[in-house]
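Chemist: Dumping the structure here so I can ask a few things about it.
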Amino acid sequence: MKCLVVSDSHGDREILVQLLAAYEGKVDAFFHCGDSELAIDDDVFKHMYTVQGNMDFDDRLPDEVTTTVKGVPVFMTHGHLVGVNFGLDQLMAAANQQHAQLAFFGHTHQLGVERHNGLLLLNPGSISQPRGEFTRLGGTYAIVETKGQDISVQYYNRQQQPVSALNFHFTH
């Protein structure tokens, strides 16, 4: 299974259009972890799972999404409702309750990935307003690929170039 994960685009609709066009047919699913500032009926969301962030004002956006892509259970939420600024315990508990293997979130605008007891926790960073150590990249998204229990994560910049230092492999 291969998916693209993006977050915190904050009204930058064009970057989402570019990513959809570039990766159509190359990934199995697209995930937006919230703070798009777009309405749920925007055309970009016809082909992308999305959740409501703290800066989204369309109440029709769900707080969380649980789905299965090519047999891999995925949980996604923005992060503000599970306190990701203070740790990942609530996120892990919510994802484990849904029997997810992958948990995607945003909110902090800082990219990060780690694996705990078989659960991958991934923040793609903000595509439009990055913060933290990788601010200089100007925005990031991630491609997550699973093969059995093995997971690969590659982060990319806004120009769709892989960031070589941000390539991770997790084995069972």
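Chemist: Within the chain, which is the longest segment that contains none of the trypsin sites (Lys or Arg not before Pro) sitting in a DSSP loop with at most 14 other Cβ atoms within 10 Å?
Modeler: Free of exposed loop sites, the longest segment is 71-130.
Chemist: Whole angstrom only: what separates the Cα centroid of region 77-140 from the Cα centroid of region 1-49?
Modeler: Between the Cα centre of region 77-140 and that of region 1-49, the gap is 17 Å.
Chemist: By how many nm would the segment from ASP28 to VAL163 lengthen if fully extended, with 0.36 nm per residue of separation less the alpha-carbon distance? All intermediate terms of the calculation are to be shown ahead of the outcome.
Modeler: Details: separation 135, 0.36 × 135 = 48.60 nm, distance 2.15 nm.
Taking ASP28 through VAL163 to full extension adds about 46.4 nm, to one decimal.
Chemist: Still on this model: Within 10 Å of each candidate Cβ there may be at most 11 other Cβ atoms; applying that plus a DSSP loop requirement, which GluC sites (Glu not before Pro) in region 12-45 survive?
Modeler: Values: sites: GLU14, GLU24, GLU37; in loops: GLU24, GLU37.
Within region 12-45, the qualifying GluC sites (Glu not before Pro) (loop, at most 11 other Cβ atoms within 10 Å) are GLU24.
Chemist: Test of understanding: in a Gaussian network model of the chain with alpha carbons linked when under 10 Å, which of HIS99, HIS109, HIS80 would top the mean-square fluctuation ranking?
Modeler: Evaluated over the chain, the most mobile residue of the options is HIS99.
Chemist: Moving to a separate point now. Indicate, rounded to the nearest 5 percent, the antiparallel portion of the DSSP beta bridges found entirely in region 76-130.
Modeler: If we restrict to bridges inside region 76-130, about 55 percent are antiparallel.
Chemist: Sticking with this structure for a sec: Go ahead and run the numbers for FRET between GLU14 and THR68, Cβ-Cβ distance against an R0 of 25 Å, rounding to 0.05.
Modeler: 0.25
Chemist: Starting at the first residue of region 33-39, write each ³J(HN,Hα) from the Karplus equation 6.51 cos²θ - 1.76 cosθ + 1.60 with θ = phi - 60°, in whole Hz, x for Gly and Pro.
Modeler: 8, x, 6, 7, 6, 10, 7
Chemist: Output wanted: per-residue J couplings in Hz (rounded whole) for region 163-172, from phi through Karplus 6.51 cos²θ - 1.76 cosθ + 1.60, θ = phi - 60°, x for Gly and Pro.
Modeler: Karplus-based 3J(HN,Hα) across region 163-172 equals 9, 4, 6, 10, 10, 10, 10, 10, 10, 5 Hz.
Chemist: Considering only DSSP beta bridges where both residues belong to region 1-120, give the percentage that are antiparallel (nearest 5).
Modeler: Roughly 45 percent of the DSSP beta bridges within region 1-120 come out antiparallel.
Chemist: Placing +1 at every Lys and Arg Cβ and -1 at every Asp and Glu Cβ, with all other atoms neutral, what dipole size does the chain have around its Cα centre, in debye to the nearest 20?
Modeler: Rounded to the nearest 20 debye, it is 620 debye.
Chemist: At 222 nm, what value in deg cm²/dmol follows for the chain if DSSP H runs of at least 4 each add -39500 (n - 2.57) and the sum is divided by all its residues, to the nearest 500?
Modeler: Calculated mean residue ellipticity at 222 nm is -3500 deg cm²/dmol.
Chemist: Mind running the shape call on region 42-119? Use the C-alpha gyration tensor, a ≥ b ≥ c as the square roots of the eigenvalues: rounded below 1.5 for a/c, prolate if a/b tops b/c, oblate otherwise.
Modeler: oblate
Chemist: Considering the values [x] 30, 18, 16; [y] 33, 21, 15; [z] 20, 18, 16, which represents semi-axes √(5λ) of the Cα gyration tensor in Å as calculated for the structure under consideration?
Modeler: Checked against the structure: label [z].
No value in this document is a laboratory result; all are computed from the given coordinates. Computed from a predicted model, the values in this text were never measured in an experiment. Backbone-built Cβ (ideal geometry, glycine too); neighbour counts: all protein chains shown.
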